[in-house]
Amino acid sequence: MSGTTFSDRLGEIEATFEEVEKSLSDPDVIADPNQLAELGKRHSDMRDVVSDIRRWRVASADLEVAREMADDPDMANLAQDLEQEMDELVLRIKIALVPDDPNDSKDVIVEIRSAAGGNEASIWAGDLLRMYEKYADRNGFKVEAMNSSPSEAGGYDKVTVAIKGRGAYSKMKYEAGVHRVQRVPKTESQGRIHTSTATVAVLPEVEDIEIEIDPNDVKVDVYRSTGPGGQSVNTTDSAVRLTHVPTGLVVTCQDEKSQLQNKEKAFRILRARLYQIELERQQSELAGERKSQVGSGGRSEKIRTYNYKDNRVTDHRIGLTIHQLDQILEGDLSRFVEALAAEEQAARFADSDL
């Protein structure tokens, strides 16, 4: 923004908004549902910040008048109020202008794995899946089963689902990491509290045009689906295993009865994982090496702790504790998501050049 003043930048935004408003009344645009929807969303996204810009301009003009008449105590007080209002408006405008995460509007693939804690960790992975299914329902998202490895004790050793809906990634991305539970397992006869963990990976789902996979780089194996304990649950070779030779990534899918459907889902997961690797490579170049979002699954590497005895959930990244564990397990994650989103926005603002 070298050579461009803050006021000039705001003028550009207002001009763009006015162009969008004008386009919305264009008969050609009205006749094109896709273009109309795109411009309508853009207008909606810009409306609040443009309203603040216009309020800032009015306050700026009023402040000039108040300063010219500052000998009058009432006008001096008015000038102070206007200065405070302008400072607040400037902050709101700057935060609104910080670029969003480009993946925020995407669907997501969520992978949940049992980690430390044996059978109880598998049960906990199943509990997390149900929590996310309920959270998705609250937000009008659809959940699509991708692949699962049920545990004999209940729950899952690993389960993968796609969560589909505009903004799914913007809501779900904060769930990536290690989730620790402290509770008395149903199998514990002595009433002792156990600590178990499950890891969650959240991957933005991408299209073919974003990540192109060379078929020659992928080894495809087919086999019979298996259930808990390894028993065959299908009489045909419908399960699919993909091995991406350059990276060594392995993806399996067996939940569908059709080999073709399992292969399609496996490629979707592989594409999302490769995209995540590329994202992390870019972020590492910008911000230095960082741990992957899941880590090893050890009990100490946690983002959130769920304590049944105290009906308490703590998010360790922002130090937020909520004593409503039952409601959170019913999918009420909004307070955590809003607080984490505000933290991310503040960090983006601090890194921006506004």
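The values are calculated or read from the model by the stated rules, or taken from the named source; none is laboratory data. This structure is a prediction, so every number in the text was calculated from the model and none was measured. Every residue, glycine among them, receives a Cβ derived from its backbone with ideal geometry; neighbour counts consider all protein chains shown.
Could you give me the residue pairs with C-beta distances under 9 Å whose first residue belongs to the stretch 325-340 and is under 17 Å from Gly140 (Cβ atoms) and in contact (Cβ under 8 Å) with a residue 60 or more places away in the chain, whose second residue is in a loop (DSSP other than H, G, I, E, B) and of a type in the set (Lys, Arg) wherever it lies, and which are 6+ apart or on separate chains?
Cβ pairs passing all conditions: none.
Table: residues versus (1) within 19 Å of Ala121 (Cβ to Cβ); (2) of a type in the set (Asp, Glu); (3) touching a helix residue (DSSP H, G or I) at 6+ places or on another chain (Cβ under 7 Å).
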position	(1), (2), (3)
Asp310	no, yes, no
Val313	yes, no, yes
Leu320	no, no, yes
Leu329	yes, no, yes
Leu333	no, no, yes
Val337	no, no, yes
Ala341	no, no, no
Ala347	no, no, no
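Of the residues that sit in the stretch 89-125 and are at pLDDT 90 or above and in a helix (DSSP H, G or I), which one is surrounded by the most Cβ atoms within 10 Å (Cβ to Cβ)?
Ala125
Yes/no per residue for (1) among the hydroxyl-bearing types (Ser, Thr, Tyr); (2) buried (at least 23 other Cβ atoms within 10 Å of the Cβ); (3) in a loop (DSSP other than H, G, I, E, B):
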| residue | (1), (2), (3) |
| --- | --- |
| Gly154 | no, no, yes |
| Lys158 | no, no, no |
| Val161 | no, no, no |
| Val181 | no, yes, no |
| Pro185 | no, no, yes |
| Arg192 | no, no, yes |
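Do we have any residue at all in the stretch 20-43 that's out of contact with any helix residue (DSSP H, G or I) (no Cβ under 9 Å at 6 or more places or on another chain) and within 16 Å of Ile53 (Cβ to Cβ)?
There is no residue in the stretch 20-43 that is out of contact with any helix residue (DSSP H, G or I) (no Cβ under 9 Å at 6 or more places or on another chain) and within 16 Å of Ile53 (Cβ to Cβ).
Before we move on, is Glu144 part of a helix (DSSP H, G or I), among the acidic types (Asp, Glu) and assigned by TED's automatic domain parsing to the domain that holds Ser196?
Answer is no for this residue.
Results for (1) farther than 23 Å from Val240 by Cβ; (2) outside the structural domain of Asp310 (by TED's automatic domain parsing); (3) modelled with pLDDT under 90, shown as yes or no for each residue.
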| site | (1), (2), (3) |
| --- | --- |
| Gly154 | yes, no, yes |
| Asp157 | no, no, no |
| Gly165 | yes, no, no |
| Lys171 | yes, no, no |
| Glu175 | yes, no, no |
| Gln182 | yes, no, no |
| Val200 | yes, no, no |
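Please go through (1) within 30 Å of Val206 (Cβ to Cβ); (2) touching a residue at least 24 places away in the same chain (Cβ under 8 Å) for Glu144 and return the number of the only condition it doesn't satisfy.
(2)
Quick check on my filter: what residues within the stretch 304-331 are part of a loop (DSSP other than H, G, I, E, B) and buried (at least 17 other Cβ atoms within 10 Å of the Cβ)?
So in the stretch 304-331, the residues part of a loop (DSSP other than H, G, I, E, B) come out as 308-311, 316-319, 323-324, 330-331.
Of everything in the stretch 304-331, just one residue is part of a loop (DSSP other than H, G, I, E, B) and buried (at least 17 other Cβ atoms within 10 Å of the Cβ), namely Gly331.
Which residue pairs have Cβ atoms under 7 Å apart, sit 6 or more places apart or on different chains, and have a first residue in the stretch 74-92 that is not assigned by TED's automatic domain parsing to the domain that holds Arg47 and a second that is acidic (Asp, Glu) and surrounded by 13 or more Cβ atoms within 10 Å (Cβ to Cβ)?
none
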